[in-house]
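For reference, the structure is listed below as structure tokens.
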Amino acid sequence: MRLPTLVLLVVLALVVGVGVATWRGSGPLPDPEGCAAELDGLRVELSPEQARNATLIAAVGVRRGLPARAVSIALATAYQESKIVNIDYGDRDSLGLFQQRPSQGWGTAEQVQDEYYATNAFYDALEKIDGYQGMRITEAAQLVQRSGFPEAYQDHAADARALASVLTGYSGGGRFSCVVREPDSPGRAPRVVRTLERAFGPLDTSVGPRRDVTVRVAGDEAGSRRGWAVAQFVLAHAADLGPAAVEHDGRRWRTGDDSEAGWVTADGVAGPRSVAVRLG
């Protein structure tokens, strides 16, 4: 075999090897930034923006005391209407996560492009539907949205159910994680507290001597669910909130290259009754 041919084969083998290893997530190239939830063999991957909006939709549901089913319906709707992205365009005057139309009484153009307002407006409408918990996701979503494609929401039902179960804490912890290389700005305790309370409502928070934020939750099942919902919300918003690490229920997640490992069991970290957001 001539030398140029041999060199070509070696280079080709290296390219294929790197490609396969990268596709498997174990190669020399780093994992891309983004988040994923895993439940019962289903993996739902989200871009950073999708993750921020999905955890917000879940957080508002938790704040309002809604069942995970309501969050599933909201997420399936946002998937279909905007791909869970807060877009500033749509059919006719439709805008935002849920493509709500100001001309149909959903609010002003500015309001429906505010993720918090839009999510609460969706839940307000959903709660007026008698028996929505027992309906197919697409049927409940259609009664809120009045779409020209009433069955389209069902295409996203499986992903929405998995995300809702994980992000509200119903399915247990550690099933949602994010790869975050470097926060956009240093973490600031007041910003962390303000962001969390805007999403979840009043929380039992304290700020430690290192300006770390601790969120205390009840020791019952509801408290455990809320703890994981809060912790996972911080992960999805880590680029903005700037944590170095998040701890809950004996596990820790770190930003940077360590974020590829997800949640890891560690000694000396926050227990089941608190979420610690380490900023330093």
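Tabulated data for the structure shown
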item	result
Complete set of residues in segment 142-152 that are free of Cβ contacts under 8 Å to residues at least 24 places away in the same chain and either assigned to a helix (DSSP H, G or I) or of a type in the set (Asp, Glu) (or both)	Gln142, Leu143, Glu151
Scope segment 240-273; condition more than 16 Å from Phe176 (Cα to Cα) and in contact with an Asp or Glu (Cβ under 8 Å, 6 or more places away or on another chain); matching residues	Asp240, Gly242, Gly256, Ala266, Val269, Ala270, Gly271, Pro272
Search result, residues across segment 153-211 that are hydroxyl-bearing (Ser, Thr, Tyr), within 18 Å of the chain's Cα centre (by Cα) and not in a helix (DSSP H, G or I)	Thr168, Tyr170, Ser171, Ser177
Residue among Thr5, Thr55 that is hydroxyl-bearing (Ser, Thr, Tyr) and modelled with pLDDT under 95	Thr5
Qualifying residue in segment 196-208 (condition: charged (D, E, K, R) and more than 23 Å from Cys35 (Cβ to Cβ))	yes
Given (1) β-branched (Val, Ile, Thr); (2) within 20 Å of Glu197 (Cα to Cα); (3) surrounded by fewer than 20 Cβ atoms within 10 Å (Cβ to Cβ), number of the condition Thr119 does not satisfy	(3)
Pair list, Cβ under 9 Å, 6 or more apart: segment 107-120 residue outside the structural domain of Ala70 (by TED's automatic domain parsing), other residue of a type in the set (Lys, Arg)	none
Identity of the residue in segment 93-111, in a loop (DSSP other than H, G, I, E, B) and more than 21 Å from Glu151 (Cβ to Cβ), that ends up nearest to the chain's Cα centre (by Cα)	Gly96
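So that you can scan it fast, the table gives a plain yes or no per residue for (1) of a type in the set (A, V, I, L, M, F, W, C); (2) in contact with a Phe, Trp or Tyr (Cβ under 8 Å, 6 or more places away or on another chain); (3) farther than 21 Å from Asp91 by Cβ:
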residue: Glu139; (1), (2), (3): no, no, yes
residue: Leu143; (1), (2), (3): yes, yes, no
residue: Ser171; (1), (2), (3): no, no, yes
residue: Gly174; (1), (2), (3): no, yes, yes
residue: Val179; (1), (2), (3): yes, no, yes
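The values are calculated or read from the model by the stated rules, or taken from the named source; none is laboratory data. Bear in mind that the values here come from a model prediction, so they are computed numbers and not experimental data. Please note: Cβ atoms are built from the backbone with ideal geometry, for glycine as well, and neighbour counts cover all protein chains shown.
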